[in-house]
Each structure stands twice: as structure tokens, then as C-alpha cells.
Amino acid sequence: MCFSAGASFAAGGVLAAVGVATVKRRPKKRERLFAAIPFLFAIQQVLEGAQWLYLKNGAASMVLGYGFLFFAFLLWPVYFPLAAYAMERNSRRRRVLLMFVGAGVMMSLFSLLVLLQQPLIIDAAQRSVQYSIWAPFGNIGVVVYALIVCGSMLIASERALRLFGLLTAIAFVVSYVFYQYAFTSVWCFLAAVLSIVVYWHFRSARRRA
């Protein structure tokens with residue numbers, strides 16, 4: 001894989017277009033969080049595209065880096081389970097997903113403390129952006145993050161959510177095994193591309209209607 005400013009901006013542009021197309025499908029109120037995922041990933045990828053341009057510019061690079069990590073560390077652990085919870089109709093699964101939301105909030109608060117207390121180093125590593133920050137618990141924290149973000153989608157009743165959860169889980173493993181040096185950047189890029197599944201869901205739903 002080759003990542004660059006062009007790749008991130010291209011992904012951001014495509015996802016923004018996908019987001020517009022998804023909104024045109026007029027998602028129901030309970031589906032809006034899920035429908036907004038491509039838009040949010042588009043913003044995150046544009047931030048990383050700009051990061052490539054300002055990688056050696058200290059202040060700008062740090063602002064863009066923290067902006068990118070806001071999505072990765074603070075937003076996604078809460079947003080994914082919340083989107084699944086909002087769409088879920090099964091009362092038992094809703095209770096389980098509500099626990100995932102709570103776990104995501106705790107994970108985000110913990111990550112916020114890490115971001116506030118630990119220095120962040122941003123650099124390029126083998127054609128990927130590397131966000132280096134020390135965090136306690138190491139691999140255990142990575143596993144818990146994956147369980148919250150991907151697991152919440154996997155237990156949902158809606159097929160599209162389960163598919164998205166499965167694909168992002170596979171991307172998570174691939175990124176961690178083969179691109180551990182730039183895991184956060186690579187996984188977010190792959191998950192962003194995979195969020196096209198969101199559009200597929202609403203397109204298929206409209207055809208069935």
C-alpha cells in the first residue's frame with residue numbers, strides 16, 4: 001500500500017460524495033448516526049491529507065494530528081456503539097449495546113487523559129503517517145478498543161452493521177499485524193474506505209421499499 005496526501009484527499013472526496021448520496025436516500029431518524037459515518041471519515045481523511053502537507057511544520061502538524069486522533073481515540077469508541085444502539089430494535093441487544101456505549105465513553109475519557117498528559121510525536125514511516133504516543137496497557141488496550149468499536153457492530157441485528165463490523169475488524173487485524181508502525185493511520189484509512197458499506201445499506205433498503 002502507498003499512502004500520501006493524494007490518497008487521503010481522494011478518500012475524503014469520495015467519502016464526502018458517498019455521504020451526500022447517502023443523505024439523499026433520506027435515512028430515518030434512528031439511522032442518521034450510521035448514515036453520517038462516511039461524512040465523518042471524510043473529515044478525518046482530509047485532516048490526514050493536510051497532515052502530509054504540513055508534516056514538518058510543528059504547530060500546524062500538531063493541530064492536524066490532534067484533530068485526526070480526536071476521531072480515532074475519542075469519537076469512534078463512542079460513535080460506533082451509539083450508532084448501532086440507535087438502529088437496534090431488539091430490546092435485549094439494545095441493553096447490551098448500551099453497555100458498549102458506556103464502555104466506549106470510558107475508553108474515550110481514558111484516551112483523552114493520555115492525549116493531555118503524554119507527548120505526541122508525528123512522523124512519516126514507510127509511506128504512512130505515524131502517530132506515536134505512550135499509552136498504558138499496550139496490546140490489552142488495543143484489544144479492548146477493537147472489541148468496543150468493531151464488536152458493537154458485530155452484535156447488531158442489522159446485516160449492514162454486522163458486515164461493516166466484520167470488515168473493519170479484519171482491517172483492524174491486518175493493520176495491526178502488517179502496519180503496526182502506523183497502525184492508527186492505516187486502520188482509519190481502511191475503515192474509511194469500508195464505510196461505503198453504509199451507502200450500500202441505504203441504497204439496498206430503498207430498492208426493497
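Each reported figure results from applying straightforward, stated rules to the coordinates on display, with no laboratory input. In this text, all values refer to a predicted model and were calculated from it rather than measured experimentally. For neighbour counting, all protein chains shown are included, and Cβ atoms are generated from backbone atoms with ideal geometry for every residue, glycine included.
Given R0 = 30 Å, the distance between the Cβ atoms of residue 23 and residue 63 translates into a calculated FRET efficiency of 0.55. In terms of the mean number of neighbouring beta-carbon atoms within 10 Å, the peptides 42-55, 19-32 order highest first as 42-55, 19-32. Mind running the shape call on the range 17-115? Use the C-alpha gyration tensor, a ≥ b ≥ c as the square roots of the eigenvalues: rounded below 1.5 for a/c, prolate if a/b tops b/c, oblate otherwise. The shape class here is oblate. Which of 27, 62, 167 sits farthest toward the positive end of the charge dipole of the chain, with +1 on the Cβ of Lys and Arg and -1 on the Cβ of Asp and Glu? After comparing all options, I get 27.
Taking the C-alpha atoms only, the angle from helix 58-69 to the longest principal axis of the chain is near 30 degrees.
Relative to the longest principal axis of the Cα atoms of the chain, the long axis of helix 196-208 makes an angle of roughly 10 degrees. Mean residue ellipticity, 222 nm, helices only, the chain: the sum of -39500 (n - 2.57) across DSSP H runs of n ≥ 4, divided by residue count and rounded to 500, is -24000 deg cm²/dmol. 3J(HN,Hα) couplings calculated from phi for the range 155-161 with the Karplus curve 6.51 cos²θ - 1.76 cosθ + 1.60 (θ = phi - 60°) are, in sequence order, 8, 6, 6, 5, 4, 4, 5 Hz; Gly and Pro show x.
Principal semi-axes of the equivalent ellipsoid, √(5λ) from the alpha carbon gyration tensor of the range 110-185, are 25, 16, 10 Å from largest down.
Label-to-label distance, residue 75 versus residue 99, with points set 7 angstrom from Cα along the beta-carbon direction: 2.9 nm.
Using only the Cα atoms of the range 64-136, build the gyration tensor, take square roots of its eigenvalues as a ≥ b ≥ c, and label the shape rounded, prolate or oblate: rounded if a/c is under 1.5, else prolate if a/b is larger than b/c, else oblate. Prolate, since a/c reaches 1.5 and a/b exceeds b/c.
Distance distribution note for the chain: the fraction of Cα pairs above 32 angstrom is 14%.
Considering only 119, 81, 38, give the residue with the highest GNM mean-square fluctuation for the chain, with springs between Cα atoms whenever their separation is below 10 Å. Answer for the Gaussian network model of the chain: 119.
Helix 5-23 and the longest principal axis of the Cα set of the chain meet at an angle near 20°. Rounded to the nearest 20 debye, the dipole magnitude of the chain is 1360 debye, with +1 charges on Lys and Arg beta carbons, -1 on Asp and Glu beta carbons, and the Cα centre as origin.
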